[in-house]
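Report on the following structure.
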Ligand code: C2E
Ligand code: MG
Ligand code: MG
Ligand code: MG
């Protein structure tokens, strides 16, 4: 115990750690400004039906256009927004914008594309989340069936019963539910069958070395087969080559998402992507 105390005292005065903490306080106040001054922007990455080659939908991915510094990726600011609780407000903005986007797109193209939205752990646990999702759908006048809510395995661990109850509340809105980054978290397979999810998203980690890494191919194929046995669909993330598409399609993976098809695009670019898309 004394040793632990000594260590934490040492860390408290650690200049490196101190500056990291200071840095995140600075970013936190900049994030407040960013919310106020509308510095966030959504990009959208197409998801392609691998059998028909048609566009299935899009994943909304947030960017922060920080004055003087340019675009900050979500992996940098989401964790800080999460710690400070600002993610709830940012997340509501994302939900709202994503629903309005898909409403515009589906009207413009007379289509029924899906929009996938990432939730953070804090948002998922927030008791207002179902209200926020519903509000976003009502404001944008979209059908719940075209909204796909992505959660990660790690968010579902801890209190399993509570997580299942939260998922059921969200599902009751009529939306789809997906597990993102599947295979990289710490969820136990014994819980998977109890999760009311429609889709597993196979993490890029298992896709990127297909067809060179036979272990990754075995894992991807096993995840796809398991998902289907559990009556779930599969989206493969990070698809970059035609060989990967061939492998995934041969293994009956329904949807692919990745740079091979398109990087995440701003709305204007996305509209030309759809207009120029050829099967
Ligand atoms: P994610 O939800 O797993 O999103 C996929 C990430 O992989 C995106 O990074 C996307 O640009 C990238 N990606 C897609 N295809 C490829 C590919 O073929 N190759 C490679 N190398 N990368 C690919 P991005 O946009 O930087 O987002 C990173 C993560 O940040 C997301 O991972 C998600 O966890 C989080 N995130 C993004 N937007 C939001 C948001 O609105 N709310 C929350 N809570 N988290 C978000
Ligand atoms: Mg995602
Ligand atoms: Mg993912
Ligand atoms: Mg990922």
Review point. Is at least one residue of segment 230-245 closer than 14 Å to residue 182 by Cα, buried (at least 17 other Cβ atoms within 10 Å of the Cβ) and away from ligand 4 (no atom under 15 Å from the Cβ)?
Key: yes
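Among the strands (runs of 3 or more DSSP E) contained in segment 175-254, which hold 3 or more residues that are within 12 Å of ligand 1 (Cβ to nearest atom), within 18 Å of residue 156 (Cα to Cα) and within 19 Å of the chain's Cα centre (by Cα)? If you could, list the steps in order and put the result at the bottom.
Working: elements: 176-182, 199-202, 233-236.
It comes to 176-182.
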Review point. Considering segment 255-279 alone, what residues qualify as being part of a helix (DSSP H, G or I) and surrounded by 19 or more Cβ atoms within 10 Å (Cβ to Cβ)?
Key: 270
**Study point:** Failed criterion for residue 94 (all others in (1) touching a residue at least 60 places away in the same chain (Cβ under 8 Å); (2) assigned to a helix (DSSP H, G or I); (3) within 16 Å of the chain's Cα centre (by Cα) hold)
**Key:** (1)
**Study point:** Sole residue being within 16 Å of ligand 2 (Cβ to nearest atom), in contact with a helix residue (DSSP H, G or I) (Cβ under 6 Å, 6 or more places away or on another chain), outside any loop (DSSP other than H, G, I, E, B) and more than 28 Å from residue 244 (Cα to Cα), chosen from 155, 137
**Key:** 155
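Laboratory data are not the source of any read-out in this text; all were calculated from the coordinates shown. Worth saying up front: this structure is predicted, and the values here are computed from it rather than measured. Cβ atoms come from the backbone with ideal geometry, glycine included; neighbour counts cover every protein chain shown.
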